[in-house]
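See structure below.
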Amino acid sequence: MSSFTHESGSSAGSLPPFLLDKHAAYIKAISDDTESFEYTVSQHFRMSGIYWGLTAMSLLGKDLSCEMDVESISSWVMQCQDEESGGFGGSLNHDPHILYTLSALQILALCDRLNLIDSTRSKIASYIASLQQADGSFTGDCWGEVDTRFSYCALSSLAILGELRTGIIDLDKAVMFIERCKNFDGGFGAVPGAESHAGQIFCCVGALSIAGALHVVDADLLGWWLSERQCDSGGLNGRPEKQADVCYSWWILSSLTIIGRMSWIDRGKLALFILQCQGVDSFCLPCKDISGGGIADRPGNMVDIFHTFFGISGLSLLDYFAAGDWNSDGESPVLPLIDPTYALPKSLVSRLGLPAEVYSQV
Amino acid sequence: KAKTYSALVGIVQAHRSNKNYSQETLELTGQILKKNPDSYSLWNYRREILISLYSSIGLGLAKPSTKISRDVGAEVIDMELSLSAAAITKNPKSYCGWYHRVWVLERLDVDIASELVLCNKFLTADQRNFHCWNYRRHLVSVGNISPKAEFEYSTEKICENFSNYSAFHHRSVYIKDLFANEVLGDLNNVFEEEFSIIENAVFTEPDDQSAWWYYHFLVKFVRDRCLDEMSLYNTLSHQLEVMQGLLEVEESSKWAMMTIIFLIDVMESLNVQGHDREEKMHQRQRMLDNLCEIDPTHRCSYMYRLGRNN
């Protein structure tokens with residue numbers, strides 16, 4: 001923590017404490033909530049929600065097999081697999097989609113239950129390959145929507161399945177499509193001609209990292225554009241003239257890390273912004289009362305699992321917990337680091353042998 | 001509230017398991033989608049019902065092929081576009097809601113002009129809604145809309161609000177082809193036209209990034225296509241004076257400082273013997289020092305990108 005105050009040189013004074021235990025409690029409580037309206041209408045992306053929660057718990061240094069019910073989570077994930085295609089849906093009784101196929105694989109990897117897909121591994125890979133179009137792009141599902149988010153999900157999923165370079169997809173064409181999505185400002189959009197947006201940029205840069213094709217990126221131009229996302233508040237926005245939001249801490253920081261230009265933003269100011277987004281108020285869920293914890297999109301707003309994951313990931317990428325002195329009140333365990341390409345703990349990425357091209361930091 | 005919604009969803013899921021593709025179920029899906037436009041599987045089920053219902057009267061909706069005309073497809077067109085409109089009104093950033101329009105457009109003869117009116121409406125409500133801008137560009141590519149008209153639309157939007165990065169981006173998408181197809185006149189014309197808009201923007205709102213990013217792109221665009229380096233050098237000399245003038249009025253404008261450095265660098269890269277090179281280098285160094293002083297957050301970026309000997 002002291003390295004942060006020195007680096008920023010700002011008169012930030014002391015940084016707000018990181019509420020590790022409260023965040024862990026929040027994540028567990030949210031995972032158990034199945035009664036609220038918010039839960040019900042967000043069903044269609046529950047698979048991603050579980051991935052966010054599990055990764056966040058890992059980054060808090062928690063042992064998932066102790067803290068979470070990995071057996072029932074894994075078996076729930078498998079129930080979401082579509083028998084015909086092999087793809088996974090966002091929840092039970094939802095159609096297969098590339099977004100949730102990736103989330104499912106990530107969850108199984110985190111729970112150390114990838115063995116559950118041993119018999120359907122090649123089927124899943126074929127499903128993903130079936131979504132690739134003639135121009136190298138990927139649709140989200142059989143209904144035809146194209147988006148570079150799906151390119152990222154496809155490549156990341158195939159890497160986890162060990163099918164990235166088996167020829168099941170045309171990797172060169174996939175890269176060519178992403179290149180067509182490059183814009184006048186060095187950024188990337190959802191489709192050719194779409195405006196640069198931090199989320200899409202992460203997907204494209206991440207996909208290029210997996211494919212070993214970072215040469216497509218104009219690192220100086222994109223790095224500059226990304227660095228200009230830092231607002232006066234220290235937070236990052238997703239596009240020019242937009243408000244800062246904690247989730248961009250992840251998408252921008254990971255992109256900058258991959259292209260070797262993490263030093264181009266003020267890390268101390270960003271850390272302060274993320275810490276200020278922590279939830280301090282209590283609120284009620286139908287089954288449980290929450291007494292603080294969780295992270296919101298910006299200071300003072302309502303917390304949610306999405307921003308909690310991205311806030312914790314952002315701090316992890318900033319190496320906030322590395323020095324082991326981040327908690328002025330008590331223990332400061334050194335917490336796991338997150339991988340910028342795969343958005344999974346580095347140790348897991350290493351264990352799975354997932355490929356990624358990352359530039360050294362300038 | 002959660003219970004009634006869940007109950008409705010349960011009924012529809014049961015229908016789907018029973019391969020129920022009836023009109024009644026179609027209506028039920030519409031009811032749910034109006035409440036929760038992002039429930040993607042429901043849109044899928046709805047499309048399955050439509051395909052089934054209309055194939056029984058000889059209309060093939062499964063694959064995009066020859067567009068089904070309004071004569072026979074009016075009901076589908078109106079119903080689906082109306083549901084999509086309700087979805088994107090509830091959530092203007094609904095991927096599913098916008099995609100459904102694309103799906104309909106691929107299969108039926110939709111009135112492009114009224115789709116543009118819809119885009120105008122949504123862009124008036126939120127000039128930065130990239131879902132809408134993407135849909136608009138999709139209409140341009142499949143409809144008979146001239147890129148020049150879109151270029152003019154972006155001018156209109158920029159003049160309404162210089163902070164409209166999305167409009168500048170839209171402009172950057174069309175300028176390449178329009179120039180290549182000689183619609184915009186020669187390079188000098190292009191530069192003059194574009195610069196007059198930018199100059200207006202940066203003098204009015206110097207802290208607004210949008211015009212600055214576009215300006216840097218524009219200079220590179222012109223430099224890459226330029227055949228007369230002497231003429232470009234003179235143009236950029238004039239540009240430099242304009243930016244220096246801006247800096248006099250807006251002493252702490254980091255964008256003006258960055259742009260002065262940028263212009264000096266581009267001029268240096270040309271095969272033209274400048275008469276005041278040494279003075280320019282001094283100015284460049286002064287700008288860099290000032291930049292690092294007024295914007296320490298980005299110091300590392302400035303030193304790396306601009307501090308090396310280029």
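The values are calculated or read from the model by the stated rules, or taken from the named source; none is laboratory data. None of these values were measured; they are calculated from a predicted model. Here the Cβ is made from the backbone with ideal geometry for all residues, glycine too, and neighbour counts use every protein chain on show.
A few comments on the model shown:
Listed here are the residues, each with its yes/no results for (1) assigned to a loop (DSSP other than H, G, I, E, B); (2) over 30 Å from B:ALA2 (Cα atoms); (3) not small (Gly, Ala, Ser).
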site: A:CYS247; (1), (2), (3): no, no, yes
site: A:LEU270; (1), (2), (3): no, yes, yes
site: A:GLY293; (1), (2), (3): yes, no, no
site: A:THR308; (1), (2), (3): no, no, yes
site: A:PHE321; (1), (2), (3): yes, yes, yes
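- Among residues of the range B:111-138 that are under 12 Å from A:VAL191 (Cβ atoms), those with a beta-carbon under 7 Å from a residue that is among the aliphatic types (A, V, I, L, M) at least six positions away or on a different chain give the pairs B:PHE130/A:ALA194; B:ASN134/A:ALA190; B:ASN134/A:VAL191; B:ASN134/A:ALA194; B:ARG137/B:VAL173; B:HIS138/B:VAL102.
- Of residues in the range B:181-209 being assigned to a helix (DSSP H, G or I) and of a type in the set (S, T, N, Q), the one surrounded by the most Cβ atoms within 10 Å (Cβ to Cβ): B:GLN209
- Here A:GLY235 meets each of (1) within 14 Å of chain B (Cβ to nearest Cβ); (2) crowded, with 20+ Cβ neighbours inside 10 Å; (3) free of Cβ contacts under 8 Å to residues at least 60 places away in the same chain with one exception, condition (3).
- Elements of the type helices (runs of 4 or more DSSP H) sitting completely within the range A:38-147 and holding at least 3 residues that are of a type outside the set (Asp, Glu), closer than 22 Å to B:TRP103 by Cβ and modelled with pLDDT of 95 or more: these cover A:98-110, A:121-130.
- Of all the numbered requirements in (1) farther than 21 Å from A:ASP141 by Cβ; (2) at pLDDT 95 or above; (3) away from every other protein chain (no Cβ under 13 Å), B:LYS90 misses one, and that requirement is (3).
- Failed condition for B:THR235, given (1) over 24 Å from A:PRO240 (Cβ atoms); (2) touching a helix residue (DSSP H, G or I) at 6+ places or on another chain (Cβ under 6 Å): (2)
- Looking only at the range A:191-223, and only at residues there that are within 12 Å of chain B (Cβ to nearest Cβ) and farther than 29 Å from B:TYR99 by Cα, the one that is nearest to the chain's Cα centre (by Cα): A:GLY223
- Checked against the criteria, A:SER263 counts as touching a residue at least 24 places away in the same chain (Cβ under 8 Å), within 10 Å of chain B (Cβ to nearest Cβ) and part of a helix (DSSP H, G or I).
- Flag for A:GLY49 being in contact with a Pro (Cβ under 6 Å, 6 or more places away or on another chain) and within 14 Å of chain B (Cβ to nearest Cβ): no
- Looking across B:ILE57, B:ILE51, B:ILE11, one residue alone is within 26 Å of B:SER114 (Cα to Cα) and of a type in the set (A, V, I, L, M, F, W, C). It is B:ILE51.
Residue by residue, here is whether (1) within 20 Å of B:ARG47 (Cα to Cα); (2) buried (at least 19 other Cβ atoms within 10 Å of the Cβ); (3) within 16 Å of the chain's Cα centre (by Cα); (4) at the interface with another protein chain (Cβ under 10 Å from one of its Cβ atoms) holds:
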{"site": "B:VAL104", "(1), (2), (3), (4)": "yes, yes, no, no"}
{"site": "B:ARG107", "(1), (2), (3), (4)": "yes, yes, no, no"}
{"site": "B:ASN120", "(1), (2), (3), (4)": "no, no, yes, no"}
{"site": "B:TYR135", "(1), (2), (3), (4)": "yes, yes, yes, no"}
{"site": "B:SER141", "(1), (2), (3), (4)": "no, no, yes, yes"}
{"site": "B:ASN144", "(1), (2), (3), (4)": "no, no, no, no"}
{"site": "B:LYS148", "(1), (2), (3), (4)": "no, no, yes, no"}
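- Candidates in the range B:29-72 are the residues that are within 12 Å of chain A (Cβ to nearest Cβ) and among the β-branched types (Val, Ile, Thr); of these, the one that is farthest from B:SER6 (Cα to Cα) is B:ILE51.
- Count - residues of the range A:147-180 that are surrounded by fewer than 24 Cβ atoms within 10 Å (Cβ to Cβ) and within 14 Å of another protein chain (Cβ to nearest Cβ): 2
- The residue that is farthest from A:HIS307 (Cα to Cα), counting only those in the range A:29-63 that are within 20 Å of the chain's Cα centre (by Cα) and surrounded by fewer than 17 Cβ atoms within 10 Å (Cβ to Cβ), is A:ASP63.
- Any hit, the range B:247-256, residues being within 27 Å of the chain's Cα centre (by Cα) and under 23 Å from B:THR155 (Cα atoms): yes
- Qualifying residue in the range B:298-310 (condition: more than 31 Å from the chain's Cα centre (by Cα), part of a loop (DSSP other than H, G, I, E, B), within 14 Å of chain A (Cβ to nearest Cβ) and among the charged types (D, E, K, R)): yes
- Output for the range B:204-220, where each listed residue is among the polar types (S, T, N, Q) and in contact with a helix residue (DSSP H, G or I) (Cβ under 6 Å, 6 or more places away or on another chain): B:SER210
- Cβ-Cβ under 6 Å pairs, at least 6 apart or on other chains, the range A:345-362 side closer than 20 Å to A:VAL334 by Cβ, far side among the aromatic types (Phe, Trp, Tyr): A:VAL349/A:TYR342
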